[in-house]
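See structure below.
The values are calculated or read from the model by the stated rules, or taken from the named source; none is laboratory data. Quantities reported herein were computed from a predicted structural model and do not represent experimental measurements. Glycine also receives a Cβ, built like all others from the backbone with ideal geometry; neighbour counts cover every protein chain displayed.
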Amino acid sequence: MTTDQRPFAAAVLDDFDARPGSATSLTRTVLGAYVRDLGGWIAVADFTELLAVLGIPAPSTRTAITRLKSRGVLYPESRSGRAGYGLTDAALAMFARGDRRIFGFRRMTSGDAWRLLSYGIPESERAARHQLRRRLSAIGCGAVSAGLWIYPEYLAAEAAAIVTALDLDNYVTSFRATEPTVPGTLREAAAQWWDLDDLAARHRAFYEKHRGILDLDSSRRNAFAHFTLMLDEWRIIPYIDPGLPDEMLPHNWPGPASVQLFAEARQRYLEPGRRWARTLIGDRCAR
């Protein structure tokens, strides 16, 4: 399927909206982590069976599918008389971006390049300006002042995609920078540009909630359930965490512990969970 620009923009901006643990969020997590592995198409009946393992009732799954269809993530397609949905081209690109963020946590080191983004957006574009601020924050950009944002250079492509999707290219200028000069220390500046207290609390809460996951039953069905619920909660953190260098972070930063825990759980559970999903419904998807 070739998607037009409207679904493309919708899928680009859909990376962050669903609340972790909700039916829509879990639906999208299963699409990205498992349905792609099954070829990018799944029957509605099979999908409700997968989501039921996560505690999501069938009516909620169908509602979530409808929402994701309206956002350009899914398109309807029947195969062999079975009603189902496939992932759009834009959704596949969205999940590929998510893979790089969620499964490949990036961390700056001293001397790495920064990107500054400056904009002057007219009042007539107020709604788009609000969305730009919201989306930049959601991918880990820091607000230096009104109309000026900072983020690691490795986030430049993601920020540019958001600007383009909002049709704001004519109002935005960006610069590559190497050595920010600030009134106080870089650690003090980072605390002003990012909400590091909130981010630290997210890392600690994630670690405390899931630190026992490596001791759980790793049979394939349980691997699917354990890791999917963990992944759905984790997916927000590597987006809002820009991966700042040590000299900009508070002492005893909790990020490395939660990053390591997620990496070990992924190694233990993701592939067994995928094998279980393929065994359960893979042959049906292939027909």
_Meets criteria (surrounded by fewer than 20 Cβ atoms within 10 Å (Cβ to Cβ) and within 16 Å of the chain's Cα centre (by Cα)) for Arg266_ = yes
*asked:* For the stretch 79-103, give me each residue that is within 12 Å of the chain's Cα centre (by Cα) and assigned to a loop (DSSP other than H, G, I, E, B).
replied: Phe103
*Is the stretch 171-184 home to any residue that is assigned to a helix (DSSP H, G or I) and closer than 20 Å to Arg133 by Cβ?*
yes
*May I ask you to list pairs of residues, at least six apart or on different chains, whose Cβ atoms are under 7 Å apart, with the first in the stretch 261-287 being closer than 15 Å to Phe227 by Cβ and the second being of a type in the set (S, T, N, Q) and at pLDDT below 95?*
Arg268/Ser218; Tyr269/Ser218; Pro272/Ser218
*Are there any pairs, at least 6 apart or on different chains, whose C-beta atoms fall under 9 Å, with the first in the stretch 54-71 and on the phi > 0 side of the Ramachandran plot and the second assigned to a helix (DSSP H, G or I), and if so, which?*
Gly55/Leu26; Gly55/Ala225; Gly55/Leu229
*State all residues of the stretch 145-167 that are out of contact with any Leu (no Cβ under 9 Å at 6 or more places or on another chain) and either assigned to a strand (DSSP E or B) or hydroxyl-bearing (Ser, Thr, Tyr) (or both); if no residue qualifies, say none.*
Ser145, Tyr154, Thr164
*Restrict the check to the stretch 210-224 and report whether at least one residue is modelled with pLDDT under 90, among the acidic types (Asp, Glu) and not assigned by TED's automatic domain parsing to the domain that holds Gly39.*
yes
_On the basis of being touching a Phe, Trp or Tyr at 6+ places or on another chain (Cβ under 8 Å) and either among the aromatic types (Phe, Trp, Tyr) or in a helix (DSSP H, G or I) (or both), does Phe224 make the cut?_
yes
*Of the residues in the stretch 185-220, how many are more than 21 Å from the chain's Cα centre (by Cα), in a loop (DSSP other than H, G, I, E, B) and surrounded by 14 or more Cβ atoms within 10 Å (Cβ to Cβ)?*
2
*Checking Glu123 against (1) farther than 30 Å from Gln260 by Cα; (2) surrounded by 14 or more Cβ atoms within 10 Å (Cβ to Cβ); (3) free of Cβ contacts under 8 Å to residues at least 24 places away in the same chain, which single condition isn't satisfied?*
(2)
*Of the residues Gly111, Gly147, Gly120, Gly140, which single one is of a type in the set (Gly, Ala, Ser) and under 19 Å from the mean Cα position of the chain (by Cα)?*
Gly140
